[in-house]
Amino acid sequence: YDGDDWTVLTIGGKTRNGMILRAHYNADKKSDVFQVSTDGGVAWTDVAPFTMGAWSRIAVELTKTGFSVCVDNSPAKAFSMPLLRKISFGGLYVAPDWPMGSQAVKSASDVRLKLDTITVE
């Protein structure tokens, strides 16, 4: 991540019931923020600021009627649109475009999902 828009996670479908989580530099706030879009990248909602170079804990809760996103225990942002249950790290159905020189990011240990953190209801 170098300040340009960078897709971190996508959940749901390409044409409907999908969300994109990206890292973005907000010039007005002079801060790096995570943002969510539910319309294919037309409109974006700030979720939480983050510090470049530091790890961030991102929690996404999916329900029958919508989803919420929480970053580093900040207040969760709720969205009232149910998502299809497809998960992709990076762009939808495309391998993430890792920043140049970040060879360590390509190892399997850098993206981890703990099985006990996934709950099916």
Item to check | Residue selected from segment 32-60 under the condition under 12 Å from the mean Cα position of the chain (by Cα) and of a type in the set (D, E, K, R), by the criterion farthest from Thr7 (Cα to Cα) | outcome: Arg57
Item to check | Output for segment 3-12, where each listed residue is farther than 15 Å from Gly66 by Cβ and in contact with a Leu (Cβ under 9 Å, 6 or more places away or on another chain) | outcome: Thr7, Val8, Leu9, Thr10
Checklist outcome for this item: Of the residues in segment 1-60 that are of a type in the set (Phe, Trp, Tyr), at pLDDT 90 or above and closer than 24 Å to Pro82 by Cα, the one that is surrounded by the most Cβ atoms within 10 Å (Cβ to Cβ) is Phe34
Next on the checklist: Take the conditions touching a strand residue (DSSP E or B) at 6+ places or on another chain (Cβ under 9 Å) and either in contact (Cβ under 8 Å) with a residue 12 or more places away in the chain or not β-branched (Val, Ile, Thr) (or both) and apply them to Gly41. Does it pass?
Outcome noted: yes
Next on the checklist: Name the single residue that is least open to solvent (accessible area, probe 1.4 Å) among those in segment 61-74 being closer than 14 Å to Gly12 by Cα and in a loop (DSSP other than H, G, I, E, B).
Outcome noted: Gly66
Item to check | Members of segment 1-52 that are among the charged types (D, E, K, R) and on the phi < 0 side of the Ramachandran plot | outcome: Asp2, Asp4, Asp5, Lys14, Arg16, Arg22, Asp28, Lys29, Asp32, Asp39, Asp46
Checklist entry - From Ala54, Ala48, Ala43, which residue is part of a loop (DSSP other than H, G, I, E, B) and touching a Ser or Thr at 6+ places or on another chain (Cβ under 7 Å)? => result Ala43
Checklist entry - Out of segment 75-109, which residues are surrounded by 14 or more Cβ atoms within 10 Å (Cβ to Cβ) and at pLDDT 85 or above? => result Ala76, Lys77, Phe79, Met81, Pro82, Leu83
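The values are calculated or read from the model by the stated rules, or taken from the named source; none is laboratory data. Predicted model only: the values in this text are computed from it and were never measured. Don't worry about glycine lacking a Cβ; one is built from the backbone with ideal geometry, like all the others, and counts go over all protein chains shown. We work out accessible area using only protein heavy atoms, side chains counted, and drop any ligands, DNA or RNA first. Shrake-Rupley method; radii C 1.70, N 1.55, O 1.52, S 1.80 Å.
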